[in-house]
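To start, the structure itself, in structure tokens.
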Amino acid sequence: MARLETSEMPAGPGEDRPAGRGGGRGRARWGDARGRWRRGRLIAAAAVLLALLMLLHSRLPNTIGNLGSLLQTFLPWVGIGVLVLLAAALLRRSLTAVAALVLPALVWMNLFGGLLVDKTGDGGALMVVSHNVDADNADPAGTARELAASGADLLALQELPSAHQEIYQRELAEAYPHHGIQGTVGLWSRHPIGHVRPVDTGMGWTRAMRSTVDTPHGQVAVYIAHLPSVRVQFRAGFTAGQRDDAAERLGRAIAAENLERVVLLGDLNGTMNDRALAPVTSQLRSTQGAAGAGFGFSWPAAFPVTRIDQILVRGMEPVSSWTLPATGSDHRPVAARLDP
């Protein structure tokens, strides 16, 4: 029986090369002018959705697991999604996807590009430091000595267990002749302190205080706060109800403040982007945002990924703001220089 044989002929100009060894079908190529615009549509759609997520982050509802606050706490890290999608677009050799990624990149730069600019200045009449020293700190004396060596005029400490308070008082006494403690927060100062009182944040024990400091440039109202912790749980989501209520109470106290110059130092367990802290953050300026360089991440100390330790001011001008090296705490201290 006769056998019919066929031979492969080379593809002519404009013809598709048949599949087979060496055919290259299925392999994305930049040289394929039509293909590089047709490929990667799913990646392009993901880029648009990522841009919308960042652009509309304040609209994401908090009704289910406080998802809006959770996103806003780690919002700068959403930018990693742009890099992941860019890698996918390059592997896919898709001009459509690369072009679409311009949108989320621009949105991220609009949100955070200003933080990448070094806005620190020289001088500053008053240096302040805030630090959550960690109740489980194994070396409170060493932490106190490191903080005193910073040269701060005002030193605000949070999470001060009663068992360690005497240690901090002893180690800081030489550098700071004035101090006041309320509950688990305290203020040490080179200048006279007065009108020390607790601020009720609804916790049942004192985690916030208010005092006045008589600086050479006038009286300043100093608030120190450690807002309740938040948790990320599988079923409950981002549980922040107590913190949000405490922020409301702290915001009311600051709104009622009569002094023109106000400084708030503390672990707020939230970022400046978190809408739940608006009762506080809407009244005050972040020193890191106004006079810092970079994001100023402070937690966790070993590898900081977010800034929940804040220095906020009203009636004073931030000159510089930065994060200090890690101590024995799970937080890093934050510092700022201010002009009255």
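A short reminder: the numbers here are calculations on the coordinates, not readings from a lab. As the structure is a computational prediction, the values presented were derived from the model and not from experiment. Cβ sites come from the backbone with ideal geometry, for glycine too, and all protein chains shown count toward neighbours.
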In whole angstrom, note down how far apart the Cα centers of the stretch 116-158 and the stretch 286-323 are.
12 Å
Signed unit charges on C-beta, dipole axis of the chain, positive-most listed residue 301, 112, 158:
112
In Å and whole numbers, how far do the C-alpha atoms of the chain stretch along each principal axis, longest first?
109, 44, 38
Which longest uninterrupted range of the chain lacks any GluC sites (Glu not before Pro) assigned by DSSP to a loop state (not H, G, I, E or B) and surrounded by at most 10 other Cβ atoms within 10 Å?
175-340
Can you compute the charge dipole magnitude of the chain about its Cα centre, using +1 on each Lys and Arg Cβ and -1 on each Asp and Glu Cβ, nothing else charged? Give it in debye, rounded to the nearest 20.
2000 debye
Calculate the dipole size of the stretch 124-227 relative to its Cα centre from +1 charges on Lys and Arg beta carbons and -1 charges on Asp and Glu beta carbons; express the result in debye to the nearest 20.
320 debye
Of 206, 72, 45, which is farthest along the charge dipole of the chain in the positive direction, counting Lys and Arg as +1 and Asp and Glu as -1 at C-beta?
45
Which number do you get for Rg(Cα) / (2.2 N^0.38 Å) in the stretch 35-116?
1.17
If you place +1 on the Cβ of every Lys and Arg and -1 on the Cβ of every Asp and Glu, how big does the dipole about the Cα centre of the stretch 292-340 come out, in debye to the nearest 20?
40 debye
Estimated 222 nm signal from helices in the chain, with DSSP H stretches of n ≥ 4 weighted -39500 (n - 2.57), rounded to 500:
-8500 deg cm²/dmol
Please build a GNM for the chain, connecting alpha carbons under 10 Å apart, and tell me which residue among 288, 182, 165 fluctuates the most.
165
